[in-house]
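Notes to accompany the following structure.
FYI, it's all coordinate maths here, none of it is from the lab. All figures in this text were calculated on a predicted structure; none of them were measured in a lab. Cβ sites come from the backbone with ideal geometry, for glycine too, and all protein chains shown count toward neighbours.
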Amino acid sequence: MIPPASGFLPCALHDGDVVAAEALQISPLGAGFMFGEGIFETIRVRAARPQLLEAHHARLAAAAAVLSAVPVSSCAELHDRCRRLIEANGQTEGSLKLMLFRDVAGWTELILARPPPAGADRHTAGFRLRTLVGDQRVAPLHGLKSLNYLTNIRAKRQALADGCDETLFIAPDGQVLEGATTNVFIVQHRVVSTPSLSAGILPGVMRAQVLRLTAPADLRERAITLAELLAADEVFVTNALLGIMPVAQVDARIYDLTANATTRALMAALG
């Protein structure tokens, strides 16, 4: 059962039906609860509309196929469900969290709504990242937005406890992978680089938007070392809720956010 103070809006959508969020009950006997067998998408809401829904739907469908889950409904049907939940909550801004997981009776869909986070615009100050070197992200399922998200959540919590905003996973060989909740990009001599999906990272929805906005001659999907990242002119991270977030610091390395013209140009192009 979801408590009223959980940060979620009053209405949820469970298998297509609008219900009270605080009355939701999920059995602990289902594989979703017991083993984290499920996937999710976090969808930004702007002006009472779900953003980039086609991209979220495509990623959800691909992940569902990997897990042999029930076929995902069409994008149009998903849009209708999101719209009904947004209207039920009177929501104009914030986000939706869509989860598809195995319950005791089979696969089930749950969509929850959240208001926008409180506080000043973080894009001006930028994010502070801490690096974490190890094999925490070296596994095939890390390319999915799986409900088995404990590694990411623990890394994110430790970053916040250390006074940072995000943890950046580094493979044992020094290869930069991704953030706990973000994809990462570097800019060197105005060339934008990001780790390749072949590294086993999440195919981020906002990552794809940045690739689309960047001229092919100025873009590289490749292996990036931690040394390269620390020597870069600019660094930014992305996800569907943050959009493009400038990075002000990685460990002890500080970046000049008055000299990140490429990042700012991409932010402007994104709108």
Label points 7 Å out from Cα along the Cβ direction at A58 and A31: separation in nm?
2.8
With everything on Cα atoms, drop me the angle between helix 75-89 and the longest principal axis of the chain, reported from 0 to 90° to the nearest 10.
80
Residue-averaged [θ]222 nm for the chain, counting only DSSP H segments that reach four residues, each worth -39500 (n - 2.57)
-8000 deg cm²/dmol
How high is the relative contact order of segment 4-114, given as a whole-number percent (alpha carbon pairs under 8 Å, six or more residues apart)?
40
Among Y149, T263, L110, the residue whose Cα sits farthest towards the positive end of the charge dipole of the chain, when +1 is placed on the Cβ of each Lys and Arg and -1 on the Cβ of each Asp and Glu, is T263
Most fluctuating of P172, P246, P195 in the GNM of the chain (C-alpha, under 10 Å) is P172
Check which residues have an amide H placed less than 5 Å from V192's amide H, if you skip close sequence neighbours.
L219, R220
Label-to-label distance, nm, for residues given as V104 and A48 (7 Å Cα→Cβ offset)
3.9
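Quick one: grab the alpha carbon gyration tensor of segment 4-114, order the square roots of its eigenvalues as a ≥ b ≥ c, and give me rounded if a/c is under 1.5, else prolate or oblate depending on whether a/b is larger than b/c. Write out the running numbers ahead of the final one.
Values: a/c = 1.99, a/b = 1.20, b/c = 1.66.
It comes out oblate by the Cα gyration axes.
Assigning unit charges at the beta carbon (Lys, Arg +1; Asp, Glu -1) and nothing else, what dipole magnitude in debye, to the nearest 20, does the chain show about its Cα centre?
Details: 25 positive and 26 negative charges, 49 e Å.
The dipole of the chain has a size of about 240 debye.
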May I have the convex hull volume per residue, in Å³, for the Cα set of segment 36-93?
85
Gyration tensor on Cα atoms of segment 115-255, a ≥ b ≥ c root eigenvalues, a/c under 1.5 rounded, else prolate if a/b beats b/c, else oblate, says rounded
With a Förster radius of 25 Å, plug the Cβ-Cβ distance of V133 and L197 into 1/(1 + (r/R0)^6) and report the FRET value to the nearest 0.05.
0.75
Build a GNM of the chain with springs between Cα atoms under 10 Å: which of D165, D173, D233 gets the top mean-square fluctuation?
D173
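Quick one: if the Förster radius is 30 Å, what FRET efficiency do C75 and H189 give, using the C-beta to C-beta distance and rounding to 0.05?
Values: r = 39 Å, r/R0 = 1.30.
Taking R0 as 30 Å, the efficiency between C75 and H189 is 0.15.
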Mind checking Rg over Rh on segment 32-178, alpha carbons, Kirkwood formula for Rh?
0.99
Give the relative contact order (percent, whole number) for the chain; include only Cα pairs under 8 Å separated by 6+ residues.
17
Length-normalised contact order of segment 122-270 in % [C-alpha pairs under 8 Å, at least 6 apart]
26
